Every structure is written in C-alpha cells, then in structure tokens.
1. Taking the range 544-559, which residues are closer than 17 Å to residue 624 by Cβ and over 37 Å from the mean Cα position of the chain (by Cα)?
2. Looking at (1) in a loop (DSSP other than H, G, I, E, B); (2) assigned by TED's automatic domain parsing to the domain that holds residue 612, find the lone condition where residue 656 falls short.
3. Within the range 659-668, take every residue that is part of a strand (DSSP E or B) and crowded, with 18+ Cβ neighbours inside 10 Å and give me the one that is modelled with the lowest pLDDT.
4. Looking at 552, 529, which one is within 30 Å of residue 452 (Cβ to Cβ) and either at pLDDT 90 or above or crowded, with 17+ Cβ neighbours inside 10 Å (or both)?
5. Hey, among the residues in the range 131-169 that are within 20 Å of residue 52 (Cβ to Cβ) and touching a residue at least 40 places away in the same chain (Cβ under 8 Å), which one's surrounded by the most Cβ atoms within 10 Å (Cβ to Cβ)?
6. Please specify each residue of the range 96-115 satisfying the condition of being in a strand (DSSP E or B) and under 8 Å from residue 68 (Cα atoms).
7. Cβ-Cβ below 6 Å, separation at least six or inter-chain, first residue in the range 460-485 and closer than 24 Å to residue 510 by Cβ and not assigned by TED's automatic domain parsing to the domain that holds residue 314, second assigned to a helix (DSSP H, G or I) and modelled with pLDDT of 80 or more: which pairs?
8. For residue 703, all conditions in the list (1) surrounded by fewer than 17 Cβ atoms within 10 Å (Cβ to Cβ); (2) closer than 30 Å to residue 654 by Cβ hold save one; what is the number of the exception?
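The values are calculated or read from the model by the stated rules, or taken from the named source; none is laboratory data. From a predicted model like this one, the values you see are computed outputs, not experimental measurements. Positions of Cβ are generated from backbone atoms using ideal geometry, with glycine treated the same way; all protein chains shown enter the neighbour counts.
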C-alpha cells in the first residue's frame, strides 16, 4: 500500500472508528425520540444516577436513552440505516424483545462499551425496570429453564442459550455477551462506586441533566482502537485521546438514513486537550466545497482568520504535551535563509482557511493542500490572473514544510513539489495534482454539486473552526484495510445495501464551550451522485421515516371557537376524544398509527367532523365517536404525514406528504384538487408548506431539510432555477421592493430574489 493511502486511513480512522461504535448501537436509534425543551432546566434525577452506579469506571463510551422504546427494530428493517451492520439475532439484540414484553418500553437504559479482553470490546446494557412486577417477570423467565445460572458474590448470573449473560440488582437488569462486563458491573454496585466517581464525567453528566447522549471517555479511547483496528494502527489513537477529557454529544432526532450527535468537548480549560485550541477560534463558513472536486475522499478544513491566536494556543497545547521543544527545532530546521519564518509567511499571505485533502486526480489518489484568501480584483490584475477560478501556470514550491510546521501533521503528507494560484486559492501538491487543477480537470464536478442533492448537502454551510469528512462509500477499499476482521465484515455488509455513505465532523465554539457535531449518512438515493458525470440529474432523497407525534391535537370549533382535544395512545394505539380540560370522553381501539395531524372539518350539513389518517386511510368521525358514512376511506397514496387542514377561498383543503416525498393537496374527501401541481422537492422534507402573503398575493413557503423553496398557490416552484444561490432553510422572507424579497443564502449572506422573474441581486 502506498504511503498516501496509509496516511489517509490514519486520519479517516478517527471518523470511521467513532462511526463503528455508533453502528454498534445504531439499532438503539428510532424516529420516536422526544424533543427536549432547551429552556427546561437540566436536573440530574436520582433514578438516573442509580442506573449509572452500575456502569464500570472503565467505560469507553456510554449511550444514554431515556426510554428503551427509542430502540427500534432497525436491524430487521431492510430500508433502515443500521440494517446489516449487526446480526439481528445477536444475543443482546434478541433480549430486547423480552424486555419489551415485560413492560420495559419506557424504561431508562444505558449501553456502555468496555474493553473486556485482549483486543476485544463488548457492550453492556443496564435497564432500570419500571415496576417490581416487570423485574419479577424477567426473573421468572431466567429461572424457567431457558438459562443456566451461577452465583457471583451475592448475585446470580444467568447464561442464555445465545450466550448472553444477565444479572438482576434491585430494579436494574444488567446484560452483556461478556461475563467480564457483567461481573465488573456487579462489583461496582457492591462496592458502592462506579463511573460516577470520575469527577470529570460526573460534572459532564450534570451539565446535560442526563439527556439522551453519547458520552465519550477520550482517555480510554485507545481501548476502542485495540478492539477495532489492525495492530499497526493502534498508535494513532493518541490524537483522539488528547482531543478532550469527555465529550457529551446529544443524540439528535434519528432517521433511517441519517443520525447525528451534537454536544460539547470538555477540556476544563486545560491545554493538554486540543479542544482548548479550537475553542479559542471564531467560527466561519468554509469555502472548501467551491474548490474541492467531487472525487475528494477525505478532507480537513481549518479556520485561519485568527492565525496568531491559533498558533499561540497550539504552542500551549504542544508545551502541555511536552512537544514544544521539538516543534521549535523543526521550525528552525526548515526555515529558508533570508526568508520569513513559517508562521510569518502564512500570516503575510493573508490566508483565512487551510484545507488538507485526499482526492482522486489524474487517475490516482493524491494529497493536496489548498489555502484560501479573499483577494481583491486589483490583486488579480497585478498578478495577471484573468478571473476567479483561473490559475497561474504551476511553479516550484520553495516553502516546503512551512504549512505542516505551523498547522500540524495532517498537512505533512503532501510532497509539495509545485503550486499554482488563482485570485482566491493556492494549490500545493505533486506536479500531477497541481497540473490537474491548473487545467481545470478536477473541477468538472465540484464537491458542492456532488453533495447538493444528498442528505449531507448542508454540511459546508454550517459555521465552524474545524471540519472533516470522509466519503465512506467511495473510499471503502482504502478505509476498510484499517479495521479488524469483524468490523470489516459488518461495514462491508452495510455498504452493499447503500449507495451513499458519508461521515462528517464540525467543531464550533459557542458560549464559551467547544461544541462538536458528528454526523453519519447512509442512504439509497434514487440516483446516486456522480463524481465525473457533468449531467445535472435530479437526485431525490427519499425517506418515509418521520418522528411520530401522538397528540394531543387541538380541535377548534369553527363556529364557537371552543377547543377540545384528540390523541392516540402510543402504547395501545387507541384513539380518544377529550373535553377542553383534556378529560377523556371516549376511546376507541385502533390498529394503525396516526400520521401526526388531526383537525375539524365543517361539511355542507353544517356539522364539524374529526378528520385524521391512520395508515393510508382517511378517517372522518363525529364528536361522539361514530364513523361518517363511507369512512374510513382508502387513499390512493402511501401517507407519510397528514392531513394538515387548511382553509382556501372559504373551502377546506388538506396537505399530505406521501412516502415518496411528494406534497399533494386534497379536498376534504381525499380527492385531488383541480389546478394543483404536486410538489416534488429535490430534498427530503418533513414539514408542510406554510402560506404567506407577499405584495398582496398568496405564496407557499416550504422548508426542506437543507433549503427554502417558494411556490405559487397552484404548486409551481418559483425558486426552481435558483441553483447557484439556493436559499437557506433558516431564512426569513421579507418584502423589499419591485417584486424582490430579501432572503438569506446557504452561506449566511442576504440577497434579493424576484418572485416574478427569478432574478437575484446582491445587497
């Protein structure tokens, strides 16, 4: 294997190995997670602490789930993110069914990862059972002859035929495929100590209030490497171990094809952790996607807007880790006679971003360094450059070693033979790589276009001080050589079932803390993005998974204005009607799940009826619980969300999002509305269009997962041709003048958009 490929694996390993751990527990994800009110005070409950007392102090990672219900059946769902990653009949996976049957669906559960043997990591599950009866039910099951048991201290450890080891302590059910993990948990309980004795972790846990999080113990991360990678790569765990002490990453709402973790890297202000270096920088919007080719397998982007501050803090980090002397020696060694020192050279050039990327250029993988500065057109004229995107002829690069000496080892794998520069970018690399950029061959399809219609489309528009990404699907042949046999098999199985897999990390200081977002995308796109195909194909990201809202739904009487309530039971699926005080009036058992909406519709008979969808059937009931004649009515589409009931020209209409990511408008009978064109949003959407009035006319605003789109009352998109300057989903839309509205682009900058012509104007 070439040196380039080995180094690529080194830095991609950090992303992928964290990903592997997530994959171990991705079947713990579900689309039914509850949102947490950010204003709610975070209080760590005694019940939460009790569960953590069973977690051994050597935990590498801890997944904290408020409810066991949030563990879905993703392993058995062929369309899910995690399908194929873990054997669906694995010992721990199969045990979940028994816990659910025992009433543990709403029980607090922890899943921790431990180094259980030589080069082996194991998962430990701790579930706080809701009642003594549920505990007794598990006890009866274990003693019914389906398992063998042995005494361990004052407890019994049961071994199921699958090999799973289970123990019970008061209300806690403890399970693992490893005897070592179960025994360790019981010893910690008996001794009255646990992971809570680690003050750094306890402080981190109190900071989250015990929310659903992934907790990473960076000091123990080397053990994860020991159980996951081949022997030759164990030494590369050092950087992740020094990144922070603990990370607390909140588990965001999960979809089948996407999962993300967002939270804080804890450094305690100690520069022995690299998070302290990143925390002192100012966030920015990366320009890398404008220059990187679609064939980029891996890249790291670093903010240089505060270069002096970065270098100062970086030197503190080196000093704290006893590497400062060798750093200074290296600077003296590579400095050219009668030339500025490396840091002085970078500062004098005015670079504001540095990118180290591993790309497929000129038929082979190459490391390149890309340095960005926002130059003036005057500079362009002085240097003889005709315009942005056009490069000067390649020349020898004399400042070899300057960039890695200041910015770190990630930039050291570039041969730095030649460079070429445009008005904004300086490209450094081999003669082959620089030549390909100069000739414009690598930019036939830019990374921006490659990602634009995928689940990862918004990654570069998010502000940060450091970013990294890896194209897992396209770089699999190189990536997988780092993993041991077991993990290589699990990932290979998953890759066969998806045509797009990406992992990203974005680090962004905020409110005095160093925050990180770690995201994994795995999807089967209708048309996968192409690296070298210049055709502008429409790639639709289809996903029918939504977070289910069970109610209660307000039912506002159109005549009197009184509000009553309607909901579905999450546990039993029964529907119920309640008075204004939410006191139950009646309930009816059902078999299908509601599609997040319910409301009142007034018909020609002057009466109002409760209208909702279960499965793919439209229901219409009076407020006594009786079905309207002819209902429920089978709809002609697979329903993902709906119906949202709207009033349009004095008539009731309904918006429905189908399982194919299409927004359709129907009348109160579920039939198509004449004159309406269904909305086929290129990106996945889980929100209904919202009506707004601009310049005295009605429009619909649709916010997809990454963009904002504007439609006429008939469903015609006005922003369809606005490809070069898409509108951010977070943008407001306000009137300006002459038919222009003020909006915000994906880069955070505002501009004007004309509703009639589609023209855009700078502000």
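1. 557
2. If we test residue 656 against (1) in a loop (DSSP other than H, G, I, E, B); (2) assigned by TED's automatic domain parsing to the domain that holds residue 612, just (1) comes out false.
3. 662
4. Matching residue, one of 552, 529: 529.
5. Of everything passing the filter in the range 131-169, 166 is surrounded by the most Cβ atoms within 10 Å (Cβ to Cβ).
6. To start, the set of residues in the range 96-115 that are in a strand (DSSP E or B) comprises 109-115.
Listed by number, the list holds a single entry, 109.
7. Taking only residues 6 or more apart or on different chains, the pairs are 460/289.
8. Evaluating residue 703 over (1) surrounded by fewer than 17 Cβ atoms within 10 Å (Cβ to Cβ); (2) closer than 30 Å to residue 654 by Cβ leaves (1) as the failure.
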